[in-house]
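The values are calculated or read from the model by the stated rules, or taken from the named source; none is laboratory data. In this text the structure is predicted, and so the values were computed from the model without any measurement. Every residue, glycine among them, receives a Cβ derived from its backbone with ideal geometry; neighbour counts consider all protein chains shown.
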Amino acid sequence: MLFLHGTGASTHSWAPLMPLLQHDIAVTLVDLPGHGLTKISTGQRSSLTYMAQDLLTLCQTLQFQPDFIVGHSAGAALALEMSKSLPLKGVVGLNPALSKFPGLAGVMFPMMAKMMALNPLTPRYLAGLAKSKSRVRQILSGTGSDLAEDQINLYQKLFSDKTHVKGTILMMSQWNLDRLLAQLNTVDTPCLLIASTRDRTVTCADVKATAERMRNTAYHELNGLGHLAHEEDPQKVAELLSAFFKQKRAALSQTSA
């Protein structure tokens, strides 16, 4: 099983969830290109297509073929993109970022990200802002999630790393979901899309609408949690994941019997 975090995060975000998964589940966690401890060889491979290609290359190099991919936020888009090339048993999108920004924001936000990516001083400036713990807390609260102090400390350390910030900006500036969104109704892999009622970045309505467009896709809503639901209530998320894995494995066993 492969876990993919979202934009601006790292594998640390899955830590609360890991001890709660069934012991017979083998898990691989990776920092996305340009995030955390993963470096990028070129600044031109931070798009959805190239990131998915590089993650597939990593799997091949490690001789690792996942049965399931769990993606949070933008990680869900990567999981669906990778599903085109892998015989997966299932994909889970946790608060999946699978919608474009509405109206003018859809034009302005990518443009602003591209301008930021062109300025070599931007990563240093933004990383400097993270020295303020109250500012980091404010950013995380903006997702609709309430995190413990130790979790906030980890994000502060991450946001203070100018290399990580640069990788995040590059990803934002090159991200384009148009082709993936146009092909969602052709995805054959069984999927589970999970939305959180307090998420201020990805709405339940958008996630539900996306699930209804897709084949063989279930939708589940988490009450009272925000965008970082797997860090707020890892037990609840672990139960959902375990049930999905068990269901899909059982279905495949019956099919092959």
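Some observations on this one:
- Members of region 188-221 that are in a helix (DSSP H, G or I), in contact with a Ser or Thr (Cβ under 7 Å, 6 or more places away or on another chain) and among the aliphatic types (A, V, I, L, M): ALA211
- Test: residue in region 222-244 that is surrounded by 14 or more Cβ atoms within 10 Å (Cβ to Cβ), among the small types (Gly, Ala, Ser) and assigned to a strand (DSSP E or B): no
- Counting only residues that are of a type outside the set (D, E, K, R) and part of a loop (DSSP other than H, G, I, E, B), region 38-64 holds 11 of them.
- Residue count for region 107-136 under the criterion of being over 17 Å from GLN44 (Cα atoms), at pLDDT below 85 and not in a helix (DSSP H, G or I): the result is 1.
- Scope region 115-154; condition in contact (Cβ under 8 Å) with a residue 60 or more places away in the chain and not aliphatic (A, V, I, L, M); matching residues: THR143, GLY144, SER145, ASP146, GLN151
- Unique residue being surrounded by 14 or more Cβ atoms within 10 Å (Cβ to Cβ) and either free of Cβ contacts under 8 Å to residues at least 40 places away in the same chain or not in a loop (DSSP other than H, G, I, E, B) (or both) when the list is HIS35, HIS12, HIS23: HIS12
- Of all residues in region 161-187, those satisfying the criterion of being under 15 Å from the mean Cα position of the chain (by Cα) and assigned to a loop (DSSP other than H, G, I, E, B) are TRP175, ASN176, LEU177.
- Contacts under 7 angstrom Cβ, first residue in region 212-226 being touching a residue at least 40 places away in the same chain (Cβ under 8 Å), partner outside any loop (DSSP other than H, G, I, E, B), 6 or more apart: LEU225/SER196; LEU225/GLU232; GLY226/SER196; GLY226/GLU232
- Criterion violated by SER85 - all others in (1) over 23 Å from GLY34 (Cα atoms); (2) modelled with pLDDT of 95 or more satisfied: (1)
- Residue, nearest to GLN138 (Cα to Cα), within region 194-212, restricted to residues that are small (Gly, Ala, Ser) and surrounded by fewer than 17 Cβ atoms within 10 Å (Cβ to Cβ): ALA205
- Filter pass, LEU56 being aliphatic (A, V, I, L, M) and modelled with pLDDT of 95 or more: yes
- Which listed residue is in contact (Cβ under 8 Å) with a residue 12 or more places away in the chain, surrounded by fewer than 22 Cβ atoms within 10 Å (Cβ to Cβ), under 20 Å from LYS248 (Cα atoms) and hydrophobic (A, V, I, L, M, F, W, C), from LEU80, LEU58, LEU86: LEU86
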